[in-house]
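The values are calculated or read from the model by the stated rules, or taken from the named source; none is laboratory data. Predicted model, so just to flag it, every value in this text is computed and none were measured. When we count neighbours, we look across all protein chains shown, and the Cβ atoms used for this are built from the backbone with ideal geometry, even at glycine. With ligands, DNA and RNA removed, areas are computed over all heavy atoms of the protein, side chains included. Shrake-Rupley method; radii C 1.70, N 1.55, O 1.52, S 1.80 Å.
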Amino acid sequence: EFTDKVFETKTGRASVMNFGARHAEGDVLLFLHADCMIPDNGFNLIRQAIHDGAVAGAFFLCIDHHGFSFRLIEYVANIRSRVTRLLYGDQGMFVRKQTFDKIGGFADIPLMEDIEISKRLKKEGRIIFLNPPVKASPRRWISEGLFYTTLRDWIIAFCYAVLRVSPEKLIKHYTNIR
């Protein structure tokens, strides 16, 4: 009801995001999970970051739940972002469309497409992380369990990024709760 641009494409995060990027008309792409919200001034922050020379970036993370355990998860995730300069999908990734096209978009893999593209983007220039943070829904942690979900996600990311386990093997350990 809000747009005349409704498309159908094959499933899979990478292929859906690549499809959307091909049809986007702007100079900057924002990849935002449906259960995440950028801050009120988010678009201005993205424009300024790109204007200041960043080729890509994301927001720091805030989980929309009052519990202390969620603050701890955020804290570790935001340190991880600062140290590794890896963009994660739930952080509202943005990238210059020209850069995205140059590197060939997201790899068509079933999982870890955000980490994979981050490694290629780092070679293209500066990646930035913005505050205020994106607000992410706590639904996955609540549905699957806080400890289990966090540990599983960290192990999967570690296995992919460090041990180079294929996404095709890792997807078997990642539950789709939609």
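Scanning the stretch 23-43 for residues that are open to solvent by 40 Å² or more (accessible area, probe 1.4 Å) and assigned to a strand (DSSP E or B) yields VAL28, LEU30, MET37.
Scanning the stretch 27-42 turns up at least one residue that is over 28 Å from ILE73 (Cα atoms) and either of a type in the set (Asp, Glu) or over 12 Å from the mean Cα position of the chain (by Cα) (or both).
Residue under question is ALA77, and the condition is that it be in contact with a strand residue (DSSP E or B) (Cβ under 8 Å, 6 or more places away or on another chain), part of a helix (DSSP H, G or I) and crowded, with 19+ Cβ neighbours inside 10 Å; does it hold? Considered against the rule, which asks whether it is in contact with a strand residue (DSSP E or B) (Cβ under 8 Å, 6 or more places away or on another chain), part of a helix (DSSP H, G or I) and crowded, with 19+ Cβ neighbours inside 10 Å, ALA77 comes out as yes. Inspection of the stretch 143-162 identifies no residue that is in a loop (DSSP other than H, G, I, E, B), in contact (Cβ under 8 Å) with a residue 60 or more places away in the chain and either open to solvent by less than 80 Å² (accessible area, probe 1.4 Å) or acidic (Asp, Glu) (or both). Within the stretch 115-126, the presence of at least one residue that is open to solvent by 30 Å² or more (accessible area, probe 1.4 Å), free of Cβ contacts under 8 Å to residues at least 24 places away in the same chain, closer than 18 Å to ILE50 by Cα and not in a helix (DSSP H, G or I) is confirmed. Among the conditions (1) at pLDDT 95 or above; (2) open to solvent by 30 Å² or more (accessible area, probe 1.4 Å), the only one that ARG85 does not satisfy is (1). On the given criteria, is ILE46 of a type outside the set (Lys, Arg), at pLDDT 95 or above and buried (at least 20 other Cβ atoms within 10 Å of the Cβ)? Here the answer is yes, as ILE46 does meet what is asked. Hey, could you check the stretch 88-114 for residues that are open to solvent by 60 Å² or more (accessible area, probe 1.4 Å) and part of a helix (DSSP H, G or I) and say which is farthest from ASN41 (Cα to Cα)? This residue is LYS102. Which pairs have Cβ atoms under 7 Å, sit 6 or more apart or on different chains, and link a residue in the stretch 1-17 that is over 10 Å from PRO110 (Cα atoms) to one that is not polar (S, T, N, Q)? Matching pairs, first to second residue: PHE7/PHE19; PHE7/HIS23; THR9/VAL16; THR9/PHE19; MET17/PHE31; MET17/PHE106.
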